[in-house]
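Enquirer: Below: one structure in structure tokens.
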Amino acid sequence: MAASFIAGALAGYAIAIPVGAIAILILDLGIRRGFRSAAAAGAGAASADGLYALVAVIGGTAISLAMEPLERPLRVVAIGVLLGIGLRGLVSAWLTPRSDGRSTLTAEPAVRTYARFLGLTLLNPATVIYFAALVLAVPNLANEPAERVTFALGAFLASLSWQTTLAAIGAVAHRRLPARFQALVSVLGNLAICGFAILLASDL
């Protein structure tokens with residue numbers, strides 16, 4: 001089972017590490033609200049990765065093929081959500097008091113943050129197709145239930161460790177960077193989120 005865990009961990013890192021909208025949002029949340037909120041967001045994203053990995057090892061190609069028709073409509077929803085998040089972040093940064101640069105947003109409960117990032121990450125059905133392709137490349141996973149669960153666990157823990165690292169980086173910036181610089185980073189991050197949404201729209 002060690003080989004399945006390592007394979008799952010490598011798969012989890014491979015899909016979590018590339019810089020994308022979720023990574024930027026977690027960093028931005030850490031900068032604006034500290035480690036607790038960002039870690040809850042990272043846990044939500046990692047849970048989605050782990051869930052998709054489990055779906056892939058249970059259903060394999062059958063589930064990935066069934067989800068292919070959903071990829072386009074879910075992408076449209078994801079574009080709308082990302083644009084909404086990015087524009088809301090830009091408006092929030094603009095309304096930030098210029099005296100100290102700190103956000104006027106009230107703290108969001110960790111559970112709600114977790115659920116929000118879980119849902120946002122689940123909007124990417126290509127993830128389950130990615131994991132299903134990896135499962136097919138590891139024949140032992142197809143026949144052993146324990147190997148499947150171990151693979152999914154490895155993917156979840158790898159993703160969680162990376163998302164938590166991002167949360168910690170954001171939290172360090174939250175404590176050490178000047179407030180005005182934090183606001184500038186938030187603006188750049190939300191502009192990047194809008195950019196990702198536009199990039200997704202260009203592929204439709």
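The values are calculated or read from the model by the stated rules, or taken from the named source; none is laboratory data. Because the structure is a prediction, the values reported are computed rather than measured. A quick note on method: Cβ atoms are made from the backbone with ideal geometry, for glycine too, and the neighbour counts reach across all protein chains shown.
Enquirer: Does any residue of segment 13-21 turn out to be surrounded by fewer than 20 Cβ atoms within 10 Å (Cβ to Cβ) and hydroxyl-bearing (Ser, Thr, Tyr)?
Expert: Here is the first cut: in segment 13-21, the ones surrounded by fewer than 20 Cβ atoms within 10 Å (Cβ to Cβ) are 13-14, 17-20.
Pick out the ones that are also hydroxyl-bearing (Ser, Thr, Tyr) and you get 13.
Looking for residues that are surrounded by fewer than 20 Cβ atoms within 10 Å (Cβ to Cβ) and hydroxyl-bearing (Ser, Thr, Tyr), one finds at least one in segment 13-21, hence yes.
Enquirer: Next question, about the same structure. If we only count helices (runs of 4 or more DSSP H) wholly inside segment 1-102, which ones have 1 or more residues that are modelled with pLDDT under 80 and basic (Lys, Arg)?
Expert: 71-95
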